[in-house]
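Peer 1: Let me give you the structure first, and then I'll get to my questions.
The values are calculated or read from the model by the stated rules, or taken from the named source; none is laboratory data. Not measured: the values here are computed from a predicted model. No Cβ is skipped: glycine too gets one built from the backbone with ideal geometry, and neighbour counts run over all protein chains shown. Heads up: the accessible areas ignore ligands, DNA and RNA and are worked out on the full protein's heavy atoms, side chains in. Shrake-Rupley method; radii C 1.70, N 1.55, O 1.52, S 1.80 Å.
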Amino acid sequence: MSKLSKIFSSVLNIDESKIVPELSPQNTSSWDSLNAIILITEIEKVFNIKFNYDEAMDVKNYNDVLVLVKAKGGDTNA
Amino acid sequence: MDSLTYFKLANSLPELNPGDFSQKIKVNLLTNFTDDILAKMLTGAFINVGIYPEFFKVPYKQYVVYLKNKDSKLFSAPAQVTYIFFDISSYMPSELAAQSGEEFPGLLEDIKDYCQKQQGIVVMNSFIRPYVSAYGNLYGDNPLFNLVGSFNDRLQKLAAELPNFYVFDTNQLIHSVGEDSARDMRGMYAFDIPFKTDFFEQLTRHWINYALNLLGRVKKCIVLDLDNVLWGGVLGEVGVDGIALGPTYPGVAFQNFQRALLEYYERGVLLAINSRNNERDVEEVFSQHPYMLLKPQHFAASRINWKNKADNFLEIAKELNLGLDSMVFLDDDPVNRDWVRQNVGQVLVPEFSLEPEYYSKTLHDLPVFTPFNLTAEDKLKGQMYSQEKRRTSAQAASQTFDDYLKQLLVKLEISLNNASQIPRLSQMTLKTNQFNFTTKRYTEKDIEKLMQEGLVFAADISDKFGGYGITALAIITKDPGKEGGAILDSFLLSCRVLGRGVERSFFDFLIGQAFAAGFKVLSVPFFASAKNVPAREFLDKLGLSVELETNESLIRRVVIPEYLSNLAEPESITINYEKKI
């Protein structure tokens, strides 16, 4: 399990196999506003990166997160 | 434990069966910010220690309404623990700090009302001192700084006034982690979550310690390795003169660690030794080394030998009548730590491969000892265990056990419904596990109420070697369903007084008092717990008839006049009872 998918699986309480690029708040009921905040803070902590508010709010699905973490220098394969 | 694990555990809550948990807790949470993350963290932390939590969380920004309205769900939700955390900062205006804090005294009155209506305990965080402001370094000129100071003073006064209100020192925690790693600026402005997840996690660890105490799960004993823990170097190799202990580094770090351990001893935490060494060599250090602060009398039990440390643990637990889960083990050797973790897993074994200058801090950072107020008995406890060692040697020298008991001159000073003993009596119900018939946990307020409605007997026990303090407690309540009937609601004795015939004398005394109070039948309930086998053994020896027996509960019956007519006079124990009405 990659670090990123582990965070999503733990925070959203879903199986790792369900974590696909299209995963989004629209198709995942546990991806609510509270868990969205938890996802941001956990990702920042684990990858030692920082998002600004707009970046975090622009995230529409799991693929956006992958792109964003990579752009900040985080290793999404780890 | 990291925050992700706590979130994961919290997510599992809906799938968990409360019946699978041996302990449950009702929690009320009251804050002035978005506290969903804090609540989730706390949920995970409780599940992590095997406690099923039930929360009532005051809705966002409703805290004033819920405190002012005495019919609110906050007042009607009975909680064993209520956590209150109001944040004031120099970054965001707060209604609490508005108009120079005029609202605060009224709010404090509401909190007081709430505490008086709750049977459980209320833990409130002290206000965080604003460390930065437009006033620069001139704290005295910063009105908010002064306001927070006066609020915190008022909280302390309230804590002195109310038996179930405790102040958690938030500034101590902020001081330890640093304000920068505690505050979350983006969270504060964007979501009204003014703290980082890591800070919530740290806070949670301290908060659940209050609950663990209430549920009788406090650590009571620090078990120590010797070489490279109490002194530097391996005694067997370098000898008494070669060990590092004294005024210069690294000896000074070891010496100050001993000083810290002494402070734990003073506050009633027991110390014990579990070390691979030659006992003669260690005795030499104790008697000859000029910088040893710890003396043999500070240790309640010692195992200095070449046996395996796990077996030594079992022996220490037996000798001190303590559960393994009430012990903490400090050893610098990773192999020993691992061995103990694998073989006596209930013992808490923190990482301890450290430079000696970090020893004291590591111990202080463990939030596992009681956060509650000290009682006189706590301060005496370490001393009493060491008197127990002398008693055991008197036992070895005397001929029969009966002779020994006579020589001991055991004395019980019994009092009834004595309000000055309430803190100690509550503490006894919280901490006593092994010799406890019903293991009912009571707050100070509960005890106060029981004194008004029933008979609360407490015994101050002593013998020729010294006093044990108040170490026996029994509560008799009227049985509403039975004419002339009473119930032995609680019967418990501290383990350190067992085995002297005290439990029988105290029980017989109670039957006499129940008779004097006009009762004819006493029901004696017994609820089995993981630890109270010694109490069950005693109960069985009394040979009482069975009133009710199911899988969950057992009730024995004492027909009082009959019991008293068959009573033999105890020879070796003196009972003094002064009835104060």
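Peer 1: Hey, among the residues in region B:1-12 that are at pLDDT 90 or above and open to solvent by 40 Å² or more (accessible area, probe 1.4 Å), which one's farthest from the chain's Cα centre (by Cα)?
Peer 2: B:LYS8
Peer 1: Would you call B:LYS196 modelled with pLDDT of 90 or more, farther than 21 Å from B:GLN172 by Cα and touching a helix residue (DSSP H, G or I) at 6+ places or on another chain (Cβ under 8 Å)?
Peer 2: Values: modelled with pLDDT of 90 or more: yes; farther than 21 Å from B:GLN172 by Cα: no; touching a helix residue (DSSP H, G or I) at 6+ places or on another chain (Cβ under 8 Å): yes.
So B:LYS196 fails the test.
Peer 1: Also, I was wondering about something else. Looking at region B:1-87, what helices (runs of 4 or more DSSP H) fall wholly within it and have at least 1 residues that are more than 14 Å from every other protein chain (Cβ to nearest Cβ)?
Peer 2: Numbers: elements: B:3-11, B:36-48, B:63-68, B:73-76.
Fully inside region B:1-87 and qualifying: B:36-48, B:63-68, B:73-76.
Peer 1: Right, another one. Mind checking which residues of region B:296-348 are touching a Leu at 6+ places or on another chain (Cβ under 9 Å), part of a strand (DSSP E or B) and closer than 20 Å to B:GLU283 by Cβ?
Peer 2: B:PHE299, B:ALA300, B:ALA301, B:ILE304
Peer 1: Something else about it: Could you tell me which residue of region A:1-42 is surrounded by the most Cβ atoms within 10 Å (Cβ to Cβ), considering only residues that are within 9 Å of another protein chain (Cβ to nearest Cβ) and part of a loop (DSSP other than H, G, I, E, B)?
Peer 2: Checked region A:1-42; the qualifying residue surrounded by the most Cβ atoms within 10 Å (Cβ to Cβ) is A:ASN13.
Peer 1: Failed condition for B:GLU263, given (1) surrounded by 14 or more Cβ atoms within 10 Å (Cβ to Cβ); (2) at pLDDT 90 or above, with all others met?
Peer 2: Looking at each condition in turn, B:GLU263 falls short on (1).
Peer 1: Scan region B:439-471 residue by residue and report those that are without any contact (Cβ under 8 Å) to a residue 60 or more places away in the chain and of a type in the set (A, V, I, L, M, F, W, C).
Peer 2: Those that are without any contact (Cβ under 8 Å) to a residue 60 or more places away in the chain and of a type in the set (A, V, I, L, M, F, W, C): B:ILE447, B:LEU450, B:MET451, B:VAL456, B:PHE457, B:ALA458, B:ALA459, B:ILE461.
Peer 1: Tell me the strands (runs of 3 or more DSSP E) entirely within region B:480-581 that contain at least 2 residues that are modelled with pLDDT of 90 or more and closer than 29 Å to B:GLN23 by Cβ.
Peer 2: Working: elements: B:485-493, B:521-526, B:545-549, B:554-559, B:573-577.
Qualifying strands (runs of 3 or more DSSP E): B:485-493, B:521-526, B:554-559.
Peer 1: A further question on this structure: Would you check which residues across region B:266-283 are in a helix (DSSP H, G or I) and surrounded by fewer than 21 Cβ atoms within 10 Å (Cβ to Cβ) and list them? Lay out the reasoning, then the answer.
Peer 2: Initially, region B:266-283 is screened for residues in a helix (DSSP H, G or I), giving B:266, B:279-283.
Matches in region B:266-283: B:GLU266, B:GLU279, B:ARG280, B:ASP281, B:GLU283.
Peer 1: In the set B:TYR166, B:TYR135, which member is of a type outside the set (Asp, Glu) and within 26 Å of the chain's Cα centre (by Cα)?
Peer 2: Details: B:TYR135 fails: within 26 Å of the chain's Cα centre (by Cα).
Being of a type outside the set (Asp, Glu) and within 26 Å of the chain's Cα centre (by Cα) holds for just one of B:TYR166, B:TYR135, which is B:TYR166.
Peer 1: What number of residues within region A:50-67 are surrounded by 17 or more Cβ atoms within 10 Å (Cβ to Cβ), at pLDDT 95 or above and part of a helix (DSSP H, G or I)?
Peer 2: Residues in region A:50-67 being surrounded by 17 or more Cβ atoms within 10 Å (Cβ to Cβ), at pLDDT 95 or above and part of a helix (DSSP H, G or I): 2 in total.
Peer 1: On to the next question. Please go through region B:404-454 and give me each residue that is open to solvent by 60 Å² or more (accessible area, probe 1.4 Å) and either in contact with a helix residue (DSSP H, G or I) (Cβ under 7 Å, 6 or more places away or on another chain) or on the phi < 0 side of the Ramachandran plot (or both), ordered by number. Break it down stepwise before answering.
Peer 2: First, pick out the residues of region B:404-454 that are open to solvent by 60 Å² or more (accessible area, probe 1.4 Å): B:406-407, B:409, B:411, B:413, B:419-420, B:440-441, B:448-449, B:452-453.
If the condition is that a residue be open to solvent by 60 Å² or more (accessible area, probe 1.4 Å) and either in contact with a helix residue (DSSP H, G or I) (Cβ under 7 Å, 6 or more places away or on another chain) or on the phi < 0 side of the Ramachandran plot (or both), then B:LYS406, B:GLN407, B:LYS411, B:GLU413, B:ALA419, B:SER420, B:LYS440, B:ARG441, B:GLU448, B:LYS449, B:GLN452, B:GLU453 are the ones that fit.
Peer 1: Can B:ILE174 be described as under 28 Å from A:ILE37 (Cβ atoms), in contact (Cβ under 8 Å) with a residue 24 or more places away in the chain, assigned to a loop (DSSP other than H, G, I, E, B) and touching a helix residue (DSSP H, G or I) at 6+ places or on another chain (Cβ under 8 Å)? Outline the logic, then answer.
Peer 2: Numbers: under 28 Å from A:ILE37 (Cβ atoms): yes; in contact (Cβ under 8 Å) with a residue 24 or more places away in the chain: yes; assigned to a loop (DSSP other than H, G, I, E, B): no; touching a helix residue (DSSP H, G or I) at 6+ places or on another chain (Cβ under 8 Å): yes.
No, not satisfied.
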